[in-house]
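Have a look at the structure below, then the notes.
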Amino acid sequence: MNKAYRIVWSKARSAFIVTHEKSSSRGRASTTCAATMLGVAALLLNAGAVSAANLCTGGATVISTATSGDNCVLGNGASIEVTANGAISSNGTAAIYTYDSVGSITNHGNVASDISNGIHLDYAVVTGTIRNTGTLTSVANGYDFNNGALYANGVTITGALVNDGGSVGNTLLLRASSVDKIENINGGSIAVS
């Protein structure tokens, strides 16, 4: 039996086939070229999937400029203040998130998330006040309370939750949480969309 054969691409079958040793292949790139193209395509697709930068690196963080696509993960003992000119506009995650014991969360600017909570607190302790004098929003609607402007699950807030003339563009949800005092003062607004 003849043991000389060749593997070529069959355009009609859209597959590799075994043929006579003198057959030629037409129309199909070599496997090295195809593998290189797949590798380049994978790199290009992953280039856009860069994870968000953590704006809060510990201690007291002040955000005084607008950011886009980043978020703030508060560590143990940390606090954050977003000034009137500051903004946290996160993509795909909460703008401000913690599961630790933290100080205060103050927003005088704009805190927003495209698909999650503006502020997400999960089994955390807030020893200070959560104060909003700016705009706090998420894109969620009033039907999905888990994606509200503020979501607190199993949280203890020993200070107050204050909306002082600010605008909260969606729901506030305190699930299995406790807060010393809640205030909506000086013309503050909380809208459910």
Next on the checklist: Show log10 I(q)/I(0) for region 73-131 at q = 0.16, 0.19, 0.29 Å⁻¹, two decimals, from a solvent-free Debye sum over equal Cα scatterers.
Outcome noted: -0.44, -0.62, -1.22
Checklist outcome for this item: Nearest-0.05 FRET efficiency for S68 and W9 at R0 = 35 Å, using Cβ-Cβ distance, is 0.15
Item to check | Length-normalised contact order for region 52-157 - Cα pairs under 8 Å, 6+ apart - percent | outcome: 22
Checklist entry - Amide H of S10: which non-local residues (sequence gap of 5 or more, or other chain) have their own amide H closer than 5 Å, using H built in the peptide plane? => result A15, F16, I17
Item to check | Mean projected area in nm² (Cα convex hull; one quarter of hull surface) for region 56-171 | outcome: 5.9
Checklist entry - So what are the ³J(HN,Hα) numbers for region 14-22, from phi and the Karplus equation (6.51, -1.76, 1.60; θ = phi - 60°), rounded to whole Hz, Gly and Pro as x? => result 6, 7, 7, 9, 8, 9, 4, 4, 9
Item to check | Two-decimal ratio, region 56-101, of alpha-carbon radius of gyration to 2.2 N^0.38 Å | outcome: 1.08
Next on the checklist: Show me, for region 169-177, the HN-Hα J-couplings you get by feeding each phi into the Karplus relation (A = 6.51, B = -1.76, C = 1.60, θ = phi - 60°), rounded to Hz, glycine and proline as x.
Outcome noted: x, 6, 5, 10, 10, 10, 9, 6, 10
Item to check | Extension reserve of the V125-E183 stretch, reckoned as 0.36 nm per residue once the Cα distance is removed | outcome: 19.0 nm
Checklist entry - How do 106-114, 179-187, 62-70, 160-168 rank on mean C-beta neighbours within 10 Å, highest first? => result 106-114, 160-168, 62-70, 179-187
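No lab work stands behind these numbers, since they all come straight from the coordinates. Here the structure is a predicted model, which is why all the values come from computation and not from measurement. Note: ideal-geometry Cβ built from the backbone for every residue, glycine included; neighbour counts use all protein chains shown.
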